[in-house]
Amino acid sequence: MFTRLKALFSDIFGQESHQRLGDEEILAEFKKRYHNFRLLLTANKKTLAIMSEMEQAMRGQFVFGMAFVRSQATAASVNVFRIVKHLSEIAPGKYDALFERLKDLQAQITAILARQPQTVATELLLPLEKVGREMSDQVGSKMANLGDIMTRLDLPVPAGFAITSLAYTRFMEDTGLQDEINRLIQAVGADDHSTLLPLCSQIQQMIVTAELPVDVAEAILVGYSELEGKTHPGVRVSLRSSALGEDALGQSFAGQFRSVLNVAPEDLLITYKEIVASKYSPQAVTYRLAKGIPDQDVAMCVGCMAMVHARSGGVAYSRNPLAIRDDEVFIHSAWGLAKTVVDGAVSSDLFVARRGNPPKLVTSQISHKDRIFFCDPLAGVCRQEEGGALAEEPSLTDEEAMRLASIAIRLDETYGEPLDIEWAMDEAREIFLLQCRPLRQMESSGVVRPEGQFGKPLLAGGVTGSPGVAAGPIHRVSRDLDMLTFPPGGVLLSAEAAPRWATLLGKASAVITERGSSAGHLANVAREFGVPALMGLEGAVAALSGKGEVTVDADGLAVYPGRVEGLLALARPVEQDAAAHSPMHAILRDVLDVIAPLNLLDPSAPEFAPEHCRTLHDITRFCHEKSVTEMFRFGQDFHFSKRASKQLKYRVPMKWFFVNLDDGFVHDIKGKYVTMEEIACEPVHSLWDGFIAIPWQGPPPVDGKGLLHIVAHSTVNTNVAQVGDEYAQGNYFMISKHYMCLSSRFGYHFCTVEALVDDRENENYVSFQFKGGAAETQRRTRRARFIGDLLEEYSFRVELQGDEMRAIYAKGPKDLMLDRLRLIGYLLMHTRQMDMVMTNETLVAQYRRKFTEDIDGLLREAGEKHMREVMREEA
Amino acid sequence: MSTCRLLLVDDEAEFIETLGKRLARRGLTVHLANSGQQALDIIAGNELDVVVLDVKMPGMDGIEALQKIKALKPDLEVLMLTAHANVEVAMRGMELGAFDYLMKPVELDELLYKIQDANKKKCLTG
């Protein structure tokens, strides 16, 4: 074969030029190529690791954001570029077509990553009366709904305007701010609470201090002066976030973004920036990450509305949020602004109405409302006051509550879905609608537990914020610092049901708060995450702090000491997270499609060529194969004996051929043969140990069908060696002291074993690839799986594709690496012709047992030998 | 391996100061530059083996600096180290002859290995 290769090589390069080179020059040339070969292998391994990590993310094994997709795609592209470049150094000019292929693929990846939702807004600002429901992609659904309610239903909504997604794009994209933010997130990482908080505060700071584009600032100020014209000069306004994509996947984004009340004209612009910045609040960032929503999908529109001087305010649900079949209207109300109800800061009054015209009050609960939140129109500040004498008074009359119920029912009927409506009522007792969004109803089991059934609770009472039962250690949170120490699976205990705790809901097993109700943001998010929440449980902080593990029964309204298994068994299974189908996963899938699928499987097929590389993986595979071949050819091509292959002599000449890459032999080998003792490569010695440890018992007894298939397929199967092709029946090694690469055809299958075992433990690896066989596909596939399963038991990471198996064991100390090579050596010897018996379950099980016993014995022996050597050295 | 003479270029002064100290402790000779221009000045006046270069810098950005470095000293190996995860920019850097394009945050050992790998290559082709 080598003569054939040489001829080929000479055709391309001209043999003469090589012959003019002296030994020193050839050696220098070889060293350069070898260095490139090693770098190619490093890049190859890195690429495979990146792909594997992306696949893991795809399978939902961890949460990830756009920063992950971007950096993985970039890293994969860079490493594949390096592979191609190093191959071009090993074989100059020969595979340059790959650079073009790579460029194409990279352009595809770039196009996917650059896919931005384009803003459809053409105006920077839209007055609310010009906004309809169909414009949610310009002003966010919150403002679109309010505009619709105002113009189409003619219900009272405060005058105002929406700052559109175009303004947002102008501010964030056109100023380069978004690029800077992406860079920060990439550098710091947003998946850890300890880095998340400072990261978010840095980003928010950046946004708030950035200069608004002049036209955006001007549009906002003009909009405001028109609003003054409709109301009165100096009118105070509320600024509310109305993010695009809030309704994606039916998610509520409850309470993640800022809303600011009672804003004075001089603070308009800075407040606008603050609200845009709240896109990067810790709870918003974690929420998007957990739900797989790309940052770029969330354009922050802002609504600006004249303030209502609220006497009372709250939330109306057009149906029971905690019972799907219950169509009664729920009105939560407190003194002052609705904010107290939404933020879970106070307990609220509850009015329940039965549908009808007019709706009828079914029940009302008047709570102790210890605080009032209102805005002083003159002083321009918002503040909380003690409830005082009003604390026990109903914050709405029954008649007012029923007016609200009528409005809720009308909206529900108009829009054909359950709604969550924020409202305020002014001193003139006029009702205004401030917000309206779809309500996600949940089924609460609403059970009444027989007393004492699960022992004596530590505390009972409160309301169901989110249904379910869960157990975990109590962790009290009162400051941001407490978020950092929050343990996974902890039970969140807090006085207030503050929206900022939402960032912990990915980690918490349950929530207990003293204040708040099912109407608050925290309850909304808890329901979305399927985390049981017990709210409005008075005295909870004092009674439960430091109680260790507890079981929270948000359905039965009680907290029990320890884990109450009987109760936990009643908990409904948590809904599978929809994140695996999130927009983020869709982007990753698209990127992965250009990166990961492997189409080039068979190196002997004519399709194994640059123009058939359809993915980065294909290029990687192609380059790896070619680099090995090119390195192997070097000695022959250059007539360079020192780097030509030597045949192993073990009793008799074996079909094991070695090329010394660097320091793989203990001394220069003159002549044709090399002995095991002359080989300095540690990985080869371990592989050899495993190979010869236990004699092969000969081919397994083949059942008639199996044999027939060999005979039949020998004539057509491309994997079966051509008679007379030397290369088809040998083992070709390239070695240095710490590295080996084996390309082999053993019988009817071919395989590669590659190992780097050196001092850089993190770079160490052993990989084993295996394909083919003589039997029909099904048996070959089964054998691949059989071997894959076995390797997985020894902690290899295994991928199977048809009859091809790829296994890698990466990172680790030397002795573990060498053990893996012994294992592979054993398999090389003993899996020969295994494909023949793969349909016989009994035989397979027998082999499996024997293999495991043999391998364990082999590794034990090696370990003992190693120990003896260590002891001897120490003695 | 012989001592490696390294130049770290990043406009975040604090970042390269800390990194520089850690690398110096591993036996490297470390120079620091806070801008592309400063980097070019240092490169013109010193024998160096490897440059670690940020991409996003005010004034002369990393890609431009890379181009000028390669024009000045073609054999000098340049590692891009950046938080700018962008396939196009990365490819541009690689095509201009960067040895690698690493993304922050990077583990010290990994960076050190890359520097060693780049250094060895430089010695071989130089």
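The values are calculated or read from the model by the stated rules, or taken from the named source; none is laboratory data. Just so you know, these numbers come straight off a predicted model, no measurement behind them. Methodologically, a virtual Cβ is constructed for each residue, glycine included, from the backbone with ideal geometry; neighbour enumeration extends over all protein chains shown. These accessible areas exclude ligands, DNA and RNA; they are computed on the full protein's heavy atoms, side chains included. Shrake-Rupley method; radii C 1.70, N 1.55, O 1.52, S 1.80 Å.
Annotations for the structure displayed:
- Any hit, segment B:22-29, residues being touching a residue at least 12 places away in the same chain (Cβ under 8 Å) and either among the β-branched types (Val, Ile, Thr) or within 14 Å of chain A (Cβ to nearest Cβ) (or both): yes
- Matching entry among A:VAL720, A:VAL716, A:VAL674, A:VAL711 (being of a type outside the set (Phe, Trp, Tyr) and modelled with pLDDT of 50 or more): A:VAL674
- Which numbered condition A:LEU823 misses (of (1) surrounded by 22 or more Cβ atoms within 10 Å (Cβ to Cβ); (2) in contact (Cβ under 8 Å) with a residue 60 or more places away in the chain; (3) farther than 22 Å from A:TYR732 by Cα; (4) within 36 Å of the chain's Cα centre (by Cα)): (3)
- Which listed residue, of B:GLY93, B:GLY36, is at the interface with chain A (Cβ under 9 Å from one of its Cβ atoms), over 21 Å from A:TYR34 (Cα atoms) and within 13 Å of the chain's Cα centre (by Cα): B:GLY93
- Condition check for A:SER278: open to solvent by less than 20 Å² (accessible area, probe 1.4 Å), among the polar types (S, T, N, Q) and not assigned by TED's automatic domain parsing to the domain that holds A:CYS200: no
- Taken over segment A:482-497, residues that are open to solvent by 10 Å² or more (accessible area, probe 1.4 Å) and in a loop (DSSP other than H, G, I, E, B) amount to 6.
- Taking the conditions (1) over 30 Å from A:HIS35 (Cα atoms); (2) under 24 Å from the mean Cα position of the chain (by Cα); (3) among the β-branched types (Val, Ile, Thr) in turn, A:VAL78 satisfies each one other than (1).
- Of note, A:LEU184 satisfies the criterion of being within 14 Å of chain B (Cβ to nearest Cβ) and either assigned to a helix (DSSP H, G or I) or open to solvent by 20 Å² or more (accessible area, probe 1.4 Å) (or both).
- Residue check for A:PRO156: closer than 30 Å to A:HIS309 by Cβ and either in contact (Cβ under 8 Å) with a residue 40 or more places away in the chain or open to solvent by 20 Å² or more (accessible area, probe 1.4 Å) (or both): yes
- Here A:ASP553 clears all of (1) out of contact with any helix residue (DSSP H, G or I) (no Cβ under 9 Å at 6 or more places or on another chain); (2) closer than 19 Å to A:ALA508 by Cβ; (3) of a type in the set (D, E, K, R) except the condition numbered (1).
- Filtered residue count, segment A:35-83, keeping only those that are closer than 20 Å to A:MET740 by Cβ, more than 9 Å from chain B (Cβ to nearest Cβ) and crowded, with 22+ Cβ neighbours inside 10 Å: 6
- Restricting A:ALA533, A:ALA540 to those that are more than 19 Å from A:GLY452 (Cα to Cα), crowded, with 17+ Cβ neighbours inside 10 Å and in contact with an Asp or Glu (Cβ under 6 Å, 6 or more places away or on another chain) reduces the list to A:ALA540.
- Residue count, segment A:447-473 (criterion: more than 15 Å from A:ALA526 (Cβ to Cβ) and more than 28 Å from the chain's Cα centre (by Cα)): 15
- Filtered residue count, segment A:113-131, keeping only those that are open to solvent by less than 20 Å² (accessible area, probe 1.4 Å) and within 36 Å of the chain's Cα centre (by Cα): 1
- Scan segment A:499-516 for residues that are outside any strand (DSSP E or B), open to solvent by less than 10 Å² (accessible area, probe 1.4 Å) and within 21 Å of A:HIS332 (Cα to Cα) and the total you get is 1.
- Candidate set: segment A:171-198, residues that are of a type in the set (A, V, I, L, M) and under 19 Å from the mean Cα position of the chain (by Cα); chosen: the one farthest from A:ARG70 (Cα to Cα): A:LEU196
- Test for A:ALA784: is it outside any helix (DSSP H, G or I), among the small types (Gly, Ala, Ser), assigned by TED's automatic domain parsing to the domain that holds A:TRP656 and touching a residue at least 12 places away in the same chain (Cβ under 8 Å): no
- For segment A:87-99, the tally of residues that are assigned to a helix (DSSP H, G or I) and either within 10 Å of chain B (Cβ to nearest Cβ) or without any contact (Cβ under 8 Å) to a residue 24 or more places away in the chain (or both) stands at 3.
- Only one entry of A:ARG621, A:ARG614 meets the criterion of being out of contact with any helix residue (DSSP H, G or I) (no Cβ under 7 Å at 6 or more places or on another chain), among the basic types (Lys, Arg), modelled with pLDDT of 75 or more and surrounded by 22 or more Cβ atoms within 10 Å (Cβ to Cβ), and that entry is A:ARG621.
- Comparison of B:ALA71, B:ALA83, B:ALA44 shows that the only residue that is over 10 Å from the mean Cα position of the chain (by Cα) and closer than 28 Å to A:PHE68 by Cβ is B:ALA83.
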